[in-house]
Protein chains: 4
Amino acid sequence: MSQQSKDQARDQQLAEDCAQQLFAQDAASKALGISIGAIKPGCATATMTVTDAMLNGYKTCHGGMIFSLADSAFAFACNSQNQAAVAAGCTIDFLRPGVLGDQLSATATQRYQGKRSGIYYVEVTNQNAQLVALFKGNSARVNASVLPDATTPKA
Amino acid sequence: MSQQSKDQARDQQLAEDCAQQLFAQDAASKALGISIGAIKPGCATATMTVTDAMLNGYKTCHGGMIFSLADSAFAFACNSQNQAAVAAGCTIDFLRPGVLGDQLSATATQRYQGKRSGIYYVEVTNQNAQLVALFKGNSARVNASVLPDATTPKA
Amino acid sequence: MSQQSKDQARDQQLAEDCAQQLFAQDAASKALGISIGAIKPGCATATMTVTDAMLNGYKTCHGGMIFSLADSAFAFACNSQNQAAVAAGCTIDFLRPGVLGDQLSATATQRYQGKRSGIYYVEVTNQNAQLVALFKGNSARVNASVLPDATTPKA
Amino acid sequence: MSQQSKDQARDQQLAEDCAQQLFAQDAASKALGISIGAIKPGCATATMTVTDAMLNGYKTCHGGMIFSLADSAFAFACNSQNQAAVAAGCTIDFLRPGVLGDQLSATATQRYQGKRSGIYYVEVTNQNAQLVALFKGNSARVNASVLPDATTPKA
């Protein structure tokens, strides 16, 4: 196994460990039935099914629930390098309503990561691969590691 | 009672009726324990207490829950003139974390309302009147009334 | 030449014609020394050199000039299908300053295009391929064609 | 003169000095014919007349020029306390086109200012007091003073 392959395998393991660590304590994501999907360094997928309790006054999925799914995927992605980060700000465009029973999938991709601030794009699609929302998350690292006993890697 | 006072009273009643109508069917807001506070034409306040089930992996309030509160206040405000409107897009800046037990209050104010699109600013504060988040909502009217048997007023 | 190839060639020609038509009358882009680069359906590149007259009080490129470059690329991209569109709103993140003499390049890519509204992502880089800014443009079509004597294609 | 009045007078003088200092070296704002209007701590107004050289391919004011005006007002406002700050990101909603000869006015108001990051709202209106654009600027302080020989005040 080459050094490059070893580095990639280590980064991949780190990303998965960070996501699991965050998710294990993420009561809000669990309360919404969010599951973690594919994880890679800088990238994360999260999925959620639209339930009755997520519908708004127009019987479509409350925008806050779609945002929450995107925000969770963003969190797993921007914390994937074992440097704890929080959301500083986000934008979301709602392109298609979610309806009862929809299986929504949010995929977050790192677009920029500086020493401290990062920008991640998230797309939310439904079970028919239709675009439901586009989200941009601005993250800020907070000088802590994600894993409790890990040595924080250099930026 | 002057005509102006009558108009104001009617607009106020309409705003309250629209908010109640929306809220009555808004399972998502209820599931989060959101309550409607003061309502005025173009303006709405919503409140929510941060519970265990709203905490994220860092034991602070999940950004999606803060967004949901702001989004609900925005919805009540942009639907307050009995012209059904949906969120087209939103931005949020997170300025201070919410913690367990915080009583959050979101106040939405109409900043612009054209024939179809509107812009609403929402501020989210905690029980100590500290700023938790700033939110901007872009709304789009959808050619329907909010109240089931109402005649939609002219734009 | 297959029908598909013919369609692609026609779409490509249309995109180039629309960009040239817009640019020919775009005094603001010309005043900034903006040039059109590669054009494809839904995509456009524009370039600009940072001059003395673009510097702000901190002797870096005024954010408005970087925005203008991104906005012009966005305009060429969202008008590339001969359906006239205007900017409804934009966001920009400034990641690295531009300095005197920098050769900036903005590449706009269609991310979503509905019947009326569209979302385009633009990245602005310098001559060293370093990321200067990320931009998102929300467009709105206005029921007109870009080319003066063209038949507007169906949405 | 009470101490409070003295403090206010000093803060006001500081805000004016900072704006003048920035503007004196701001070639970009001058090239666009931007003038500084009223200045207060955290607030600034800037004005600009739409010229031929600001028109885009649709013969309305290029969005980048409207953005530049708002961005200049934002810069004067977020630098008004003699702590140098730069734009980290901005959003703008275009609500009404600017046309040749329009006298545009941008008023920036501090909405939030922490130790480092700030949020400023800017509204752009025309000579008929019609709303042309709404802008939000996120600023970041950079550990320097605006005035060359000033002692940077504590945050």
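A few points about this structure:
- Taking the longest Cα principal axis of chain A as reference, the axis of helix A:3-24 is set at about 50 degrees.
- J(HN,Hα) series, the range C:40-48, from Karplus relation 6.51 cos²θ - 1.76 cosθ + 1.60, nearest Hz, glycine and proline x: 9, x, x, 9, 7, 10, 9, 10, 7
- Whole-angstrom gap from the range B:88-127 to the range C:53-130, using each part's C-alpha centre: 28
- Degrees, to the nearest 10: B:63-78 long Cα axis against longest axis of chain B: 10
- Positive-end extreme of charge dipole, chain D - chosen from D:A19, D:S117, D:F67 (charges on Cβ): D:S117
- Sorted by Cβ density within 10 Å, fewest first, the residues B:S139, A:S68, C:S2, B:S35: C:S2, B:S35, B:S139, A:S68
- Mean residue ellipticity, 222 nm, helices only, chain D: the sum of -39500 (n - 2.57) across DSSP H runs of n ≥ 4, divided by residue count and rounded to 500, is -9000 deg cm²/dmol.
- Summing charges over neighbours of D:A85, with a neighbour being any other residue whose Cβ is under 12 Å away from its Cβ, gives +3 when K and R count +1 and D and E count -1.
- Amide H to amide H, with H built 1.01 Å from N, B:D102 comes under 5 Å of B:V50, counting only residues 5 or more places away or on other chains.
- Across the identical copies, how the A:S35 labels are spaced - nm, sorted shortest first, 7 Å along Cα→Cβ: 3.8, 5.3, 6.5
- The residues packed around D:S68, meaning those with a beta-carbon under 13 Å from its beta-carbon, carry a net charge of -2 if Lys and Arg are +1 and Asp and Glu are -1.
- For the protein assembly as shown, size of Cβ-based charge dipole, Lys and Arg +1, Asp and Glu -1, in debye: 0
- Computed over neighbours whose Cβ is under 14 Å from that of D:S29, the net charge equals -1, Lys and Arg +1, Asp and Glu -1.
- Here the simple spin-label model places points 7 Å from the Cα toward Cβ, and for B:L147 and C:V142 these points are separated by 3.7 nm.
- The range B:3-141, relative contact order [Cα under 8 Å, separation at least 6], %: 24
- In a simple Cβ point-charge model (Lys, Arg +1; Asp, Glu -1; nothing else charged), chain B has a dipole of about 420 debye relative to its Cα centre.
- Estimated inter-spin distance, D:A27 and B:Q12, nm [label 7 Å along Cα→Cβ]: 5.9
- Estimated vicinal HN-Hα couplings, Hz - the range B:120-132 in sequence order (Karplus 6.51, -1.76, 1.60; Gly, Pro = x): 10, 9, 10, 10, 10, 10, 9, 5, 9, 6, 8, 6, 9
- This ranking places B:I119, B:I92 by how few other beta-carbon atoms lie within 10 Å of each, fewest first, which gives B:I119, B:I92.
Just so you know, all these numbers are worked out from the coordinates, no wet-lab data involved. These figures come from a predicted structure and were not determined experimentally. Cβ coordinates were reconstructed from backbone atoms using ideal geometry, including for glycine residues, and neighbour counts include every protein chain displayed.
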